[in-house]
């Protein structure tokens, strides 16, 4: 989202290996939504994974904001091979049928 960036690292089956967010790294308020905060959160998760032998990743992003691109750049800068980048942001379809107009 615009307010916070959450980074989750999973294995191919979807089991969470580690996670971090801008808020958990100590950023508060409007600073949580910045690209730098996303970079710090992503770097925290990747450092632990690199120690465990991570070599290549598939990246799935969701939601708006500048943090998404910063996190992807961080993965590349740390020397991890990026095999796929896919955006899974949901697309609005005008939602449910609205409630009927009030008649008096």
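The values are calculated or read from the model by the stated rules, or taken from the named source; none is laboratory data. Note that this is a predicted model, so its numbers are computed, not measured. Cβ placement follows ideal geometry from the backbone for every residue including glycine, while neighbour counts extend to all protein chains displayed.
Residues of segment 55-77 that are in contact with a helix residue (DSSP H, G or I) (Cβ under 9 Å, 6 or more places away or on another chain), outside any helix (DSSP H, G or I) and under 23 Å from residue 31 (Cα atoms): 61, 62, 65, 66. Cβ separations smaller than 8 Å between residues 6+ apart or across chains give the following pairs from segment 21-32 residues that are farther than 20 Å from residue 9 by Cα to residues that are surrounded by 14 or more Cβ atoms within 10 Å (Cβ to Cβ): 27/34; 27/37; 27/40; 31/22; 31/37. Residue 42 meets the conditions (1) in contact with a strand residue (DSSP E or B) (Cβ under 8 Å, 6 or more places away or on another chain); (2) crowded, with 18+ Cβ neighbours inside 10 Å; (3) modelled with pLDDT under 90 in every case but one. The failed one is (3).
Can you tell me which residues in segment 33-54 are assigned to a helix (DSSP H, G or I) and under 17 Å from residue 11 (Cβ atoms)? Give the derivation first.
Step one: of segment 33-54, the residues assigned to a helix (DSSP H, G or I) are 33, 35-51.
Within segment 33-54, 45, 46, 48, 49, 50, 51 meet the criteria.
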